[in-house]
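> Below you will find the structure I want to go over with you.
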Amino acid sequence: MKPRLFLLALPLALGISTEEARASNYPPSYPTCGIVDSVDAGPFEILRNNVDLYDAHATLTIAYRGYLRDMYPDDEINIYVKLNGNDAFLPASAGTNDDAYVMLDSGPRACVWCSSGGGNPYPQCEGLTFPQYSSGRWVCGDMTPTEAHVFYWAFNSSGAQNAWDIELAAESHGDWDSNWGWNHYGRLEPRLACY
């Protein structure tokens, strides 16, 4: 392949960029990467879905398959998560993969298009003002305070991922699965590219 053809093909091979996604009017929550990194930590599986590497947007799913599930229903299990020093104690939900899980999202979600012409069916659009000649804009939900706390050290000041050092434990009705009090540990290295 000639060098010029390779350079022209490179952007296509790397996928759509964030600016292209915005230029095409995709919602801010649109996945421009979507590669999932995972690691096992005792009875836990840690999954990081890299939604958008250029916008500090990833989801963190913690799936628990430990012995507390034999004693209690999944929705009565709580999962302790500590990401790079910031922690939370979260109620689990019943998963579809024979697990109890929690999911945290560092970016926008539930985006709706608010048209400047009116007739919007979404309450989030009420009372918005639009610049002259605007066709509308996306309005999205944001992180919860708990998610903002947990993800505080997940990305650096420019939005790039840091390594994620994660400690985990599960609890239900005073019974713990915590690696004898030391917590289960997993590490995800920074993802710097979508390939």
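> Does the stretch 95-130 hold any residues that are hydrophobic (A, V, I, L, M, F, W, C), within 30 Å of Trp153 (Cβ to Cβ) and open to solvent by less than 80 Å² (accessible area, probe 1.4 Å), and which are they?
Answer for the stretch 95-130, where residues must be hydrophobic (A, V, I, L, M, F, W, C), within 30 Å of Trp153 (Cβ to Cβ) and open to solvent by less than 80 Å² (accessible area, probe 1.4 Å): Ala100, Val102, Leu104, Ala110, Cys111.
> Go through Glu189, Glu147 for me and flag whichever is within 25 Å of the chain's Cα centre (by Cα) and surrounded by 14 or more Cβ atoms within 10 Å (Cβ to Cβ).
That would be Glu147, the only listed residue that is within 25 Å of the chain's Cα centre (by Cα) and surrounded by 14 or more Cβ atoms within 10 Å (Cβ to Cβ).
> Working only within the stretch 150-186, note down all residues that are open to solvent by 10 Å² or more (accessible area, probe 1.4 Å), in a strand (DSSP E or B) and within 30 Å of Glu76 (Cα to Cα).
Asp165, Glu167, Glu171, Asp175, Trp176, Asp177, His184, Tyr185, listed by residue number.
> So, of the residues in the stretch 31-54 that are surrounded by fewer than 19 Cβ atoms within 10 Å (Cβ to Cβ) and at pLDDT below 95, which turns out to be farthest from Leu83 (Cα to Cα)?
The residue in question is Pro31.
> Go through the stretch 138-149 residue by residue and tally those that are within 23 Å of Tyr26 (Cα to Cα) and outside any loop (DSSP other than H, G, I, E, B).
Counting residues in the stretch 138-149 that are within 23 Å of Tyr26 (Cα to Cα) and outside any loop (DSSP other than H, G, I, E, B) gives 4.
> Can you name the residue in the stretch 55-80 that is of a type in the set (Phe, Trp, Tyr) and assigned to a strand (DSSP E or B) and, of all such residues, is most open to solvent (accessible area, probe 1.4 Å)?
Of everything passing the filter in the stretch 55-80, Tyr80 is most open to solvent (accessible area, probe 1.4 Å).
The values are calculated or read from the model by the stated rules, or taken from the named source; none is laboratory data. Small disclaimer: the values here were computed from a predicted structure and weren't measured. Here Cβ is always computed from backbone atoms with ideal geometry, including for glycine, and neighbour counts include all displayed protein chains. Side chains are part of the model used for accessible areas, which takes the heavy atoms of the whole protein and leaves out ligands, DNA and RNA. Shrake-Rupley method; radii C 1.70, N 1.55, O 1.52, S 1.80 Å.
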